[in-house]
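S.K.: One structure coming up, written as structure tokens, with questions to follow.
The values are calculated or read from the model by the stated rules, or taken from the named source; none is laboratory data. What you see is a predicted model; the values in this text were computed from it and never measured. All Cβ positions, even for glycine, are placed from backbone atoms using ideal geometry, and neighbour counts span all protein chains on display.
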Amino acid sequence: MKQKELSVSLRVIVPLVAAAVIILAAVYIPLLGQNLAQQNPDRAALYTPCLITVWLSVLPVLAALVVAWFIFSDIGRDMSFSLRNAARLRLICYLAIADTALYIAGAVLLAALNALHPGILVVLLCVIFMGFFLSVAAAALSHLTRKAAELKAENDLTI
């Protein structure tokens, strides 16, 4: 696959992922929360704060997708290994850390309130591990991209 084709393919994926995240946060999570609130009326007061937390957690994800769009555009322009993309990958790392920290804080708060449903715990742990993995992967890619950009700049100076 050529760089231009790769860039187009990756940029097609970004809005699809964004749409999936928005549908998940706007439709599925509220329905799931309403179902849990009906099953546990004593914890129904937690529905709105938890829903707001989920909606807040969508913001870093959407911001990371916007940053990824710019990285994918640079791939199409044959500017994959640049210090700008290394900084963008570092930003994605920080966004993933922020999102993961938000979910960790929510899990701790729900546990402290003795309101951490086992099903929600499983989902929270999956989200936390995915965020942790994404932050580590983005940090590693940022480091590698920065090193490659430095080597490229050094190589361009010697020719």
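S.K.: Going by the conditions given, is residue 89 assigned to a helix (DSSP H, G or I), touching a helix residue (DSSP H, G or I) at 6+ places or on another chain (Cβ under 6 Å), under 30 Å from residue 153 (Cβ atoms) and not small (Gly, Ala, Ser)?
M.R.: yes
S.K.: So, residue 95, is that one closer than 30 Å to residue 40 by Cβ and either in contact with a Leu (Cβ under 6 Å, 6 or more places away or on another chain) or in a helix (DSSP H, G or I) (or both) or not?
M.R.: No; evaluated as a whole, the condition is false for this residue.
S.K.: Now, a different point. From 128, 92, 120, grab the single residue that is over 30 Å from residue 143 (Cα atoms), surrounded by 14 or more Cβ atoms within 10 Å (Cβ to Cβ) and β-branched (Val, Ile, Thr).
M.R.: 120
Each row is one residue, and each column tells you yes or no for (1) farther than 18 Å from residue 51 by Cα; (2) hydroxyl-bearing (Ser, Thr, Tyr); (3) in contact (Cβ under 8 Å) with a residue 12 or more places away in the chain.
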{"position": "106", "(1), (2), (3)": "no, no, yes"}
{"position": "120", "(1), (2), (3)": "no, no, yes"}
{"position": "131", "(1), (2), (3)": "yes, no, yes"}
{"position": "135", "(1), (2), (3)": "yes, yes, yes"}
{"position": "138", "(1), (2), (3)": "yes, no, yes"}
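S.K.: Quick check on my filter: what residues within the range 12-41 are touching a residue at least 24 places away in the same chain (Cβ under 8 Å) and over 21 Å from residue 59 (Cβ atoms)?
M.R.: Once the filter is applied, which keeps residues that are touching a residue at least 24 places away in the same chain (Cβ under 8 Å) and over 21 Å from residue 59 (Cβ atoms), the range 12-41 yields 36, 40.
S.K.: If you don't mind, there's one more thing I want to ask. Would it be correct to say that residue 100 is free of Cβ contacts under 8 Å to residues at least 40 places away in the same chain and among the hydroxyl-bearing types (Ser, Thr, Tyr)?
M.R.: Judged against the criteria, residue 100 is a match.
S.K.: Separate question: Could you check the range 95-117 and list, in sequence order, the residues that are farther than 17 Å from residue 36 by Cα and either charged (D, E, K, R) or buried (at least 20 other Cβ atoms within 10 Å of the Cβ) (or both)?
M.R.: Result: 95, 96, 99, 100, 103.
S.K.: Can you name the residue in the range 26-56 that is of a type in the set (Gly, Ala, Ser) and at pLDDT below 95 and is also nearest to residue 92 (Cα to Cα) among such residues?
M.R.: 33
S.K.: For residue 53, are the conditions met, namely being surrounded by fewer than 19 Cβ atoms within 10 Å (Cβ to Cβ) and in a helix (DSSP H, G or I)?
M.R.: In short, yes.
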